[in-house]
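The values are calculated or read from the model by the stated rules, or taken from the named source; none is laboratory data. Note that the structure is a prediction, hence the values are computed from the model and not measured. Cβ sites come from the backbone with ideal geometry, for glycine too, and all protein chains shown count toward neighbours.
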Amino acid sequence: MKELVIISGKGGTGKTSVSAALASLSESTVIADCDVDAADLHLVLSPAVMESGIFESGKLASIDKSKCVSCGRCLELCRFEAVKNNDGIFSIEETSCEGCGVCVHFCPVNAIMFDERKCGEWYISKSRFGTVSHARLFAGAENSGKLVSLVRKKAKEKTSEENKSFIITDGPPGIGCPVIASITGADAVLIVTEPTLSGEHDLERIASLIKHFRIPFFVCVNRFDVNEEITSRVEKKTLELGGIVAGKIPYSKIFTQSQIRALTVMESDCVEIKNIIKNIWEKICHRMMTI
């Protein structure tokens with residue numbers, strides 16, 4: 001199987017719109033949404049959940065009030081101010097607990113439990129374009145990189161199970177842990193950028209990260225006609241960094257209009273945009289077959 005991960009150096013470049021459009025073009029694809037902190041690919045694909053499970057990571061302390069003797073040792077030792085004292089009744093604030101375990105270790109009466117922390121949920125769903133592996137990280141929860149790895153693992157399992165040949169992964173923006181978890185071991189990466197100073201700068205950062213992992217990468221300039229001077233610089237910089245310019249997409253309101261209708265741009269009537277994205281997809285597929 002081949003995996004293409006679509007990422008961007010910053011949010012708002014149109015990464016998810018492009019991901020959804022490319023996913024609609026392949027008949028042998030499993031789709032993975034690895035932007036678990038702010039997942040929105042499902043808004044366009046409208047997947048129906050078939051399987052789900054709880055994602056656990058790290059530990060969470062909680063006080064067994066039947067054993068607690070209100071000695072205050074946990075309150076004294078907690079450096080994250082997670083322990084609260086309400087008229088001698090002690091409790092631990094879930095959103096403040098860092099799971100360090102100090103209170104558990106030093107409690108004189110073993111009144112503090114230390115259970116696995118529920119951080120999110122993962123899903124395997126069916127969409128009109130095939131199987132989708134996606135997830136939701138709970139508000140304030142951590143370890144999104146680990147959840148990204150789980151989403152990719154589930155996608156690969158479904159790809160083998162369904163005898164598919166391709167995985168299209170909508171990755172998160174930026175260069176942090178979730179992005180690293182999204183691209184590690186991928187066959188190729190598509191960077192969706194925009195012709196702005198911040199887009200140009202972030203392209204260099206994300207391209208440097210991809211080169212570190214020695215992964216071939218493509219670049220797509222979205223809304224290229226907003227500033228064609230910067231677009232030219234982005235194309236030049238892509239070649240200097242060893243990437244491939246996959247194509248350029250002009251500004252069009254059809255993207256927003258399609259999203260409002262919960263459709264991909266490939267399901268619209270805009271022939272120009274559809275042909276451009278088809279050409280981008282064909283160019284990427286042709287090059288990936290040689291990797």
Would you call Lys253 at pLDDT 95 or above, surrounded by fewer than 16 Cβ atoms within 10 Å (Cβ to Cβ), assigned by TED's automatic domain parsing to the domain that holds Val148 and not hydroxyl-bearing (Ser, Thr, Tyr)? no
Residues of segment 85-107 being loosely packed, with under 15 Cβ neighbours inside 10 Å and among the hydrophobic types (A, V, I, L, M, F, W, C), in sequence order, are Ile89, Phe106
Here the residues within segment 21-53 that are among the β-branched types (Val, Ile, Thr), more than 23 Å from Gly11 (Cβ to Cβ) and at pLDDT 95 or above are Val30, Val49
Per the filter on segment 130-169, residues in contact with a Cys (Cβ under 7 Å, 6 or more places away or on another chain), assigned to a strand (DSSP E or B) and at pLDDT below 95 are Leu137
Just checking, does segment 169-181 include any residue being crowded, with 21+ Cβ neighbours inside 10 Å, within 27 Å of Thr29 (Cα to Cα), in the same structural domain as Thr16 (by TED's automatic domain parsing) and among the small types (Gly, Ala, Ser)?
yes
Within segment 259-275, restricting to residues that are free of Cβ contacts under 8 Å to residues at least 40 places away in the same chain and part of a helix (DSSP H, G or I), the one that is nearest to Val44 (Cα to Cα) is Ile260
Ile215 fails exactly one of (1) under 13 Å from Pro250 (Cα atoms); (2) outside any helix (DSSP H, G or I), namely (1)
- Query: Does Ser91 satisfy being touching a strand residue (DSSP E or B) at 6+ places or on another chain (Cβ under 7 Å), in a loop (DSSP other than H, G, I, E, B), of a type outside the set (D, E, K, R) and farther than 18 Å from Glu142 by Cβ?
  - Reply: no
Checked against (1) touching a helix residue (DSSP H, G or I) at 6+ places or on another chain (Cβ under 9 Å); (2) modelled with pLDDT of 95 or more, Leu203 satisfies every condition except (2)
* Asked: Do we have Lys278 as under 22 Å from Ile168 (Cα atoms), in a helix (DSSP H, G or I) and touching a residue at least 12 places away in the same chain (Cβ under 8 Å) here?
  -> yes
